Amino acid sequence: QAKQMGRDCAVAYRSTFEQDTAARLTLISQLREALRLQQFVLHFQPIMAPDGRTVGLEALVRWQHPERGLLPPGEFIEECERSGLIVPLGRWVMLEAGRVAGLLRAAGHALRISVNVSALQLRQSLLEDARDVVAQHDLAPGMIELELTESSVMGDPAAGVQIMRALRDLGFEVAIDDFGTGFSSLAYLKRLPINRLKIDRGFVCDIPGDSEDAEICHSIIRLAQTLGLKTVAEGVETQAQHDWLVAQGCDELQGFLFARPMPIDALHAWLAERRAARAA
Ligand code: C2E
Ligand code: MG
Ligand code: MG
Ligand code: MG
């Protein structure tokens, strides 16, 4: 009895550090299981041209958790990065995105597919993952875009840039995600082998009303034009944001205004509907 109580007390007084560690270990073992049991799924969000054409899709991972339901990446990506599980997960995402690209192409939708890549994956397996996906699904490398953040490139710029250059030489597209939230120097940006800047959602949400954010978006678009890069605005939710960005010369747009990220079945239906609407 006393022993049992002692144990309860010990539990009650366990430091938050230990509790965090225990929770992390549980999560890591669940994530490992999730990879083995294939509990991850990809959702796809359309990327649009100013004229309303769908030009690409961003693959966004979710975890179909057996008890907690469908979990967004915010619930598990960070732990995958800390534990190194992001490397096998990132590889799975790449191969699954390629499989879907192949399926869509067979259905007559030749769309670029963008995949998010973490710093560790960039350095450990990206080149191999990218080569494998085009070989396995007989894709042109230009159909695959790799989204890297400023921080994942800048962590070890020399190594990162070398891999990015190899990818570009193979014909893959490369984008900088969440652009404007990191601290990449303009000198580096000029030398980076990239095709696109994705303007972070945080700068898009209050335009055109917020004059500082409007100035930032305007500057990013101008900078990209100067460097010969394309721009994609993330998080476009209103027609006013859309119209303003298009007037500024933004090349592509992505956000809830057009569609939320969807599972593959819903995506097929969405694409078919858009195609019918545009043909009519
Ligand atoms: P991200 O790459 O910047 O992806 C865009 C996020 O913004 C997605 O959140 C998307 O659902 C959300 N979003 C898109 N349009 C709108 C909009 O109009 N309004 C608002 N409020 N949100 C919008 P999600 O799917 O929760 O992904 C969050 C982040 O998780 C991603 O940010 C990316 O950094 C990371 N992530 C997702 N999938 C992967 C993956 O396969 N690998 C890695 N390494 N990271 C991933
Ligand atoms: Mg992204
Ligand atoms: Mg982003
Ligand atoms: Mg983001």
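So here's what we get for this one:
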{"read-out": "Within region 1-147, percent of DSSP bridges classed antiparallel, to nearest 5", "value": "60"}
{"read-out": "Share of alpha-carbon pairs per 5 Å distance bin for the chain, given as whole %", "value": "1, 5, 11, 15, 16, 16, 14, 9, 5, 3, 2, 2, 1, 1, 0, 0"}
{"read-out": "Per-residue ³J(HN,Hα) for region 231-240, Karplus 6.51 cos²θ - 1.76 cosθ + 1.60, θ = phi - 60°, Hz, x for Gly and Pro", "value": "10, 10, 8, 8, x, 7, 10, 10, 4, 5"}
{"read-out": "Label-point separation in nm, Ala187 to Ala140, each point 7 Å along Cα→Cβ", "value": "3.8"}
{"read-out": "When the convex hull of its Cα atoms is projected in every direction, mean area for region 111-270 (nm²)", "value": "9.7"}
{"read-out": "Per residue accessible area in Å² of region 188-280, where ligands, DNA and RNA are left out and the probe is 1.4 Å", "value": "51"}
{"read-out": "Against the rule of thumb 2.2 N^0.38 Å, how large the Cα Rg of region 55-138 comes out", "value": "1.15"}
{"read-out": "Virtual spin-label span in nm between Ala158 and Leu71, 7 Å along Cα→Cβ", "value": "3.8"}
{"read-out": "Cα centroid separation, region 22-91 to region 212-256 (Å)", "value": "27"}
{"read-out": "For Ile144, distant residues with modelled amide H under 5 Å away", "value": "Ile113, Glu173"}
{"read-out": "Rounded to whole Hz, the Karplus (6.51, -1.76, 1.60) HN-Hα couplings of region 219-227, x for glycine and proline", "value": "5, 5, 5, 4, 4, 4, 4, 4, 8"}
{"read-out": "Accessible-area composition of the chain, carbon plus sulfur, in percent [1.4 Å probe]", "value": "53"}
{"read-out": "Tilt relative to the chain, helix 16-36 - C-alpha long axis, 0 to 90 degrees, to 10", "value": "60"}
{"read-out": "Rh by Kirkwood over Cα pairs, then Stokes-Einstein D for region 159-239 at 1.306 mPa s and 10 °C, µm²/s", "value": "118"}
{"read-out": "Degrees between helix 264-279 axis and first principal axis of the chain (Cα, 0 to 90, nearest 10)", "value": "10"}
{"read-out": "Counting DSSP beta bridges with both ends in the chain, the antiparallel % (nearest 5)", "value": "40"}
{"read-out": "Label-to-label distance, nm, for residues given as Asp20 and Arg260 (7 Å Cα→Cβ offset)", "value": "3.2"}
{"read-out": "Per-residue ³J(HN,Hα) for region 144-155, Karplus 6.51 cos²θ - 1.76 cosθ + 1.60, θ = phi - 60°, Hz, x for Gly and Pro", "value": "10, 10, 9, 9, 10, 8, 4, 5, 6, 7, 6, x"}
{"read-out": "Highest average packing first - 26-38, 71-83, 222-234, Cβ atoms within 10 Å", "value": "222-234, 71-83, 26-38"}
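The values are calculated or read from the model by the stated rules, or taken from the named source; none is laboratory data. The structure presented is a predicted model; accordingly, all values stated were derived computationally and were not measured. Because the Cβ atoms are built from the backbone with ideal geometry, glycine has one as well, and the counts that use them run over all protein chains shown. Side chains included, ligands, DNA and RNA excluded: accessible areas come from the protein's heavy atoms. Shrake-Rupley method; radii C 1.70, N 1.55, O 1.52, S 1.80 Å.
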